[in-house]
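One structure is given here, and the rest of the page talks about it.
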Amino acid sequence: MDGSSWLQFLLLIFFLSGSVYFALSESSMSAANTIRLKGLADDGNKRAKIALHIIYNFDHALTVILIGTNISHVAFASLSTVFAFSLFQNVPASTLTTYTTIISTVVVFLIGDMIPKTLANARSEGIAMACARSLRLIMKILSPVAFIFSRLARFASKLFKGTKQPTITEEELYHIIDTIEEEGVMGEEQSDLLKSALGYAKTTVGDVMTMREDIVALDIHATDNDIAQLSKTITCSRLPVYDGTLDNIVGILKLRKYFLNRFSSRPVPWQELLFPPFYTTTDANIDDLLQEMSKQKEPLALVEDKDGKILGLVTTEDFLEELVGEIWDEDDVVDENFVKLGGNRYQVNPQLTVTEAFRRMEYTPDNLFISSTKSLQAWVLENLGHIPEEDEEFNFEKLNIMVTAVMDNRITEIIIKRNVEIDLPLIPADAAVQ
C-alpha cells in the first residue's frame with residue numbers, strides 16, 4: 001500500500017471507532033440507572049455528575065449522537081469503496097462495489113453497532129461515565145448544527161402533534177414492582193406495601209369507614225355504671241356521644257379522661273368532659289384527611305352526608321391499616337375473618353377488603369387494577385346494585401361469590417368459591433371493582 005492507501009486505512013479505523021463510540025454513548029446513556037449515578041454523584045464522582053447532566057438533557061445529546069453516527073457510517077462506507085478500488089484495481093468495478101458494500105455493511109452492523117450496544121446495555125453506568133467528558137465536548141462542538149436539527153425536529157413534531165403520553169403509567173409501575181419482587185430485590189411484604197401506597201392516594205373515606213350500624217356510641221343521659229359496663233366490652237378509647245339519635249352528636253368522650261375525672265377528689269359531671277366532634281364526608285381523600293386530622297390532633301372523624309346524617313366514622317388507625325394491614329392491640333380478640341371450608345370454598349368476613357380477601361385466597365385477578373381497598377360488603381353491594389338476600393350469588397372471573405347471611409340489611413357472611421363453571425350473571429372485569 002502507498003501513502004494514500006495507508007491514510008485511507010487509518011481514516012477507516014477512525015470512522016469505525018466513531019461508530020463504536022457513538023453506539024456506546026447512546027445505549028449507555030439511555031440504559032444507565034440514574035439512581036445509581038446520582039448516588040455516585042452525591043459521593044463526589046465528577047464523571048457521574050457529567051453523565052447525569054447529559055441524561056437529563058438527552059434530547060440534545062441524542063441529536064449530537066445521531067449526527068456523529070451518520071457521519072461515521074457514511075464516511076466509513078464511502079472510504080471503504082475508495083480504499084478497495086486503490087487495492088484491487090484489476091477487479092471489475094461492479095463486482096468490487098458489490099462486495100465492498102456487503103462487507104462494509106456487515107462490519108458497521110457488527111463492530112460499529114450491535115456489539116458496542118450489547119456491551120453498553122450490560123455495563124451502562126460504567127460506560128456512561130467513561131464517555132461523559134468526551135461526549136460533553138462533542139456536544140459543545142456540534143452545538144450549532146444540533147440546534148438547527150433540533151428546531152427542525154420540533155417543527156416536525158408540531159405538524160404531527162399528538163396527545164402527550166406520560167413517561168410511565170400506573171399499570172406499568174405495578175408491573176415494575178412485580179418484576180422487582182420476582183428478581184428478589186424486595187420481598188412480598190415490601191412489594192405489597194408499595195402497591196398499597198400507590199392505591200392509598202385514591203382511597204376515600206367511604207372505602208374504609210366503620211358503617212353507622214357498627215358504631216359504638218354513648219347516650220348523653222348514660223350513667224357512670226352504664227359507661228363502666230360498656231368500657232368492659234370495647235377496646236376503643238373514644239366514644240361519640242349523642243342526644244336522642246346518632247344524627248345528633250353532641251361531643252366525643254375520651255375514656256381515659258373520664259376515668260381520671262371519676263376517681264379524682266372533685267369529679268365533675270362527665271357531660272362536661274366532651275370534646276367537639278370532627279366531621280368529614282364519604283368522598284374525602286384519606287391522604288388529605290389524615291394530614292388535616294393530624295394537624296387538628298383529631299384521631300376520630302364522624303362521616304356525614306350533605307343533610308347532616310351520620311353515615312359512619314373513621315379513625316387515623318383505619319388510614320394506617322390501608323398501608324400496613326390490620327393493626328392489632330394487645331387487648332384485641334382475633335376474629336375468624338377468613339376460614340377455609342374445603343373444596344376451594346372460603347368463609348369471609350364482609351368487612352375484609354377485596355385486596356385482603358384475594359391475598360388470603362392466593363388469587364390473582366386477571367385485571368391488574370381489580371385489587372381494591374373497598375370492603376367485600378361494599379364491593380358486593382356495588383356490583384349487585386341492591387341489598388342481597390341470603391344465598392344470592394354472582395360470578396366474577398374464576399370466583400363464585402355467595403351472600404350466605406344478611407342481618408338488618410347488612411351482609412354478615414360471604415362464601416367465596418374458586419374455579420366455578422355455572423350459569424350466573426357475570427360481572428365484567430373492567431367494571432367490577434373501581
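The values are calculated or read from the model by the stated rules, or taken from the named source; none is laboratory data. Quick caveat: nothing in here was measured; it's all calculated off a predicted structure. So basically every Cβ, Gly included, is an ideal-geometry build from the backbone, and we count neighbours across all protein chains shown.
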*Look through the range 251-284, keep the residues that are buried (at least 17 other Cβ atoms within 10 Å of the Cβ) and hydroxyl-bearing (Ser, Thr, Tyr), and return whichever of them is nearest to Leu300 (Cα to Cα).*
Thr280
*Residue among Arg47, Arg36 that alone is farther than 18 Å from Val107 by Cα, surrounded by fewer than 16 Cβ atoms within 10 Å (Cβ to Cβ), touching a residue at least 60 places away in the same chain (Cβ under 8 Å) and within 34 Å of the chain's Cα centre (by Cα)*: Arg36
*Kindly indicate the residue of the range 169-195 that is among the hydrophobic types (A, V, I, L, M, F, W, C) and free of Cβ contacts under 8 Å to residues at least 24 places away in the same chain and also farthest from Arg410 (Cα to Cα) among those meeting that condition.*
Val185
*Output the residues belonging to the range 300-312 that are modelled with pLDDT of 90 or more and surrounded by 14 or more Cβ atoms within 10 Å (Cβ to Cβ).*
Leu300, Ala301, Leu302, Val303, Glu304, Ile310
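In the range 173-210, which residues are in contact with a Lys or Arg (Cβ under 7 Å, 6 or more places away or on another chain) and of a type outside the set (Val, Ile, Thr)?
The initial filter retains those residues of the range 173-210 that are in contact with a Lys or Arg (Cβ under 7 Å, 6 or more places away or on another chain), namely 174, 177, 207.
Tyr174, Asp207, listed by residue number.
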_Out of the residues in the range 217-236 meeting the condition of being β-branched (Val, Ile, Thr) and modelled with pLDDT of 90 or more, tell me which one is farthest from Tyr258 (Cα to Cα)._
Ile220
*asked:* Show the residue pairs meeting these rules: Cβ distance below 8 Å; 6+ apart or different chains; first residue within the range 372-399 and crowded, with 20+ Cβ neighbours inside 10 Å and modelled with pLDDT under 85; second residue hydrophobic (A, V, I, L, M, F, W, C) and in a loop (DSSP other than H, G, I, E, B).
replied: Ser372/Val433; Lys374/Val433
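Out of the helices (runs of 4 or more DSSP H) lying entirely within the range 205-287, which hold 2 or more residues that are under 30 Å from Glu356 (Cα atoms)?
The qualifying helices (runs of 4 or more DSSP H) are 205-208.
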_Pick from the range 196-236, criterion hydroxyl-bearing (Ser, Thr, Tyr) and touching a residue at least 24 places away in the same chain (Cβ under 8 Å), ranking: farthest from Val268 (Cα to Cα)_ = Ser196
